[in-house]
Structure formats: structure tokens, C-alpha cells
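Let me begin by presenting the structure, written as C-alpha cells, before commenting on it.
Derivation of every value follows stated rules applied to the coordinates shown; laboratory data play no part. Quantities reported herein were computed from a predicted structural model and do not represent experimental measurements. Note: ideal-geometry Cβ built from the backbone for every residue, glycine included; neighbour counts use all protein chains shown.
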Amino acid sequence: MLPKWLQRMTWEEFELNLQRCGVVIIPVGSTEQHGAHLPLGTDTFIAKVLAEGASERTGAIIAPPIWYGWSAHHMVLPGTVTIRPEILAELLFDVIGSLAHHGAKNFVIINGHRIVNIGWMQIACEKTQRTLGVKTVIFDPAYMSKEIVSKLGFGPVGHAEEIESSHMLHSYPELYHAERVLDYVPEPKPLFSADPRFQGDTLCYVPSTMEDMRKSVEVAKGTSGSPSRSCREKGKEYHEHLVERLVTVINNMQEG
């Protein structure tokens, strides 16, 4: 089955597919620097390819991706576009509201931009459930892969690190520039981690300042982590784990 992209359907095809499946996927990412070896659209590409994998197996409709996120800390490098979180929350609410008006009741929001996007997504999704009577879940790869990343031996979540890089190497090898890979592993910060696997005490995440980002820019052109350890085979296993989990989420929504 081919992925069912909303923008490729007529209105009649949308209506028919919604009746058959009843679930709409909304991929959300960002347009921001991802080091020298990955494209600016990495986060959105990741959300998009996961949506396609699940749609092929379930028939779920995929809405056009939201290619922008809250990326103020990445404005340190050219090409990054940042949108205020309050604007993004309203945008997502309006997208869900429009599709709910046409009969959609179940939504899966795929977050390709990790923890930075989650706060405003939660605000938007709570509002849709409270005011529109729909069911909305947030599918975040970093949270939904805690089991598999440890099994694969991946290091901590960073930025354009071996996890994202392996996933992109598997999914979009033509966009992965191995000859430009640079590593930068920052010193651990006491009582702070943005990795969902971290078992110690930690402060809640707050996006970095541009000044904080300058070290990774000077050393590794924006990378934080070890993309030199990326592996296509591990990226494939990681991807398949996430698609399987996403299919389970969609099936559970279909079953009510």
C-alpha cells in the first residue's frame, strides 16, 4: 500500500480514506542546522518517513508536514528558521480543527524535533481534546525508542548525533554527507540531561541560548554527539522499531 498523503487526494478520496481508516497523522519537525553532514530539514524528514512507513501498513492519512519548529537556539547558524511556540501551537490547533470539521476524530502527531517541540504540542493537543472532542496523541521518537537505542548501543541524545545520523543514513542516504562528519561530545552538566533514557536526577529541559551553542559550532559546525559512529544497519533497526510502535498506536486508536 502506498502512503496516503492528504495533498495528493481529491476531496472525495479524502472522505473515503477517512471512513476506511479514521486516523490522521501530522508530521512535525523543524528547519534548522544539523551540522555539516545532515540537511536543514532533518527533523521533518524523520517525521515524514515514519509517517509513510505507518501509512503503508495501516492506511492512515498523512497531512502535509509542518516544516518549522521552535529553533531559536539554532539561529546561531544560517538556514535555520524559528517560529514562536505560541504561533506553532495555534497552527497545529487550526490544522487539527480543520480536519476535525471534516470528520476526523483521531490524530497522531509525530514530533521529529525532540523535546523542544513537546511543550507547545501538549498545549495544542490538550486544547483540541477539550474543545473539539477529538483524540490526539504525540509520538516522539526519542521517548518511543528508549528500549531499542540502548540495545543498539547508541550514545546519549544530542544534535545530529549517531541516532539521528543513523536514521538519516538508512532513510535518506543521498542526503547524508559522510565526508563532512564532525564529532563533539560536550562535558556533562551536573543534574541536567535531555535524554529520556537518563536515570539520574535532572533539571527540566530549557532550550539553550545561542551563546551556549557557539562551542558546538566552533568545534563541530553545530553537531553535538558522535555521528562518526552512525551505522545504516542500526538506523534500519531503529526505524523499523519506531514504525512498529507507530502502527500499534494507530491500531489501538482504530479499536477505540
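Using the Karplus relation 6.51 cos²θ - 1.76 cosθ + 1.60 with θ = phi - 60°, the per-residue 3J(HN,Hα) values for region 122-131 come to 4, 4, 5, 5, 4, 5, 5, 5, 6, 9 Hz, with x marking Gly and Pro. GNM remark for the chain: springs join alpha carbons under 10 Å apart, and the peak mean-square fluctuation among Tyr143, Tyr238, Tyr68 falls on Tyr143.
On the beta carbon distance between Val219 and Leu191, with R0 = 22 Å, the FRET formula returns roughly 0.40.
Here the Gaussian network model covers the chain, with springs between Cα atoms less than 10 Å apart; of Leu175, Leu77, Leu242, Leu175 fluctuates the most. Lysine pairs in region 4-255 whose alpha-carbon atoms fall under 25 angstrom of each other, counting only those eight or more residues apart or on distinct chains, come to 24. Ordered from longest to shortest, the equivalent ellipsoid semi-axes for the chain are 31, 20, 17 Å, each the square root of 5 times a Cα gyration tensor eigenvalue.
Distance from the Cα centroid of region 31-74 to that of region 218-256 is 11 Å (rounded to whole angstrom).
Of the beta bridges in the chain, as assigned by DSSP with both residues counted there, near 20 percent are antiparallel.
Could you grab the Rg to Rh ratio for region 59-178? Cα atoms only, Kirkwood for Rh.
Numbers: Rg = 16.1 Å, Rh = 16.1 Å.
That ratio equals 1.00.
Expected output is a single nm value to one decimal: the length gained when fully extending between Glu12 and Ile87, i.e. 0.36 nm times separation in residues minus the C-alpha distance. What is it?
On the way: separation 75, 0.36 × 75 = 27.00 nm, distance 3.08 nm.
My answer for the length gained is 23.9 nm.
Seen from Glu147, the other residues with C-beta closer than 10 Å to its C-beta sum to a net charge of +4, counting Lys and Arg as +1 and Asp and Glu as -1. Taking 0.36 nm per residue of separation and subtracting the Cα-Cα distance, full extension of the segment from Glu244 to Tyr205 would add 11.2 nm.
Express the Stokes-Einstein translational diffusion coefficient of region 136-254 in µm² s⁻¹, to the nearest whole number, given a Kirkwood radius over alpha-carbon pairs, 10 °C and a viscosity of 1.306 mPa s. Before the final figure, lay out each step's value.
Numbers: Rh = 15.6 Å.
D = 102 µm²/s.
Percent of C-alpha pairs per 10 Å bin in region 162-228, short distances first: 18, 41, 34, 7.
Taking 10 °C and 1.306 mPa s as conditions, region 23-124 diffuses translationally at an estimated 114 µm²/s according to Stokes-Einstein applied to its Kirkwood radius (Cα pairs).
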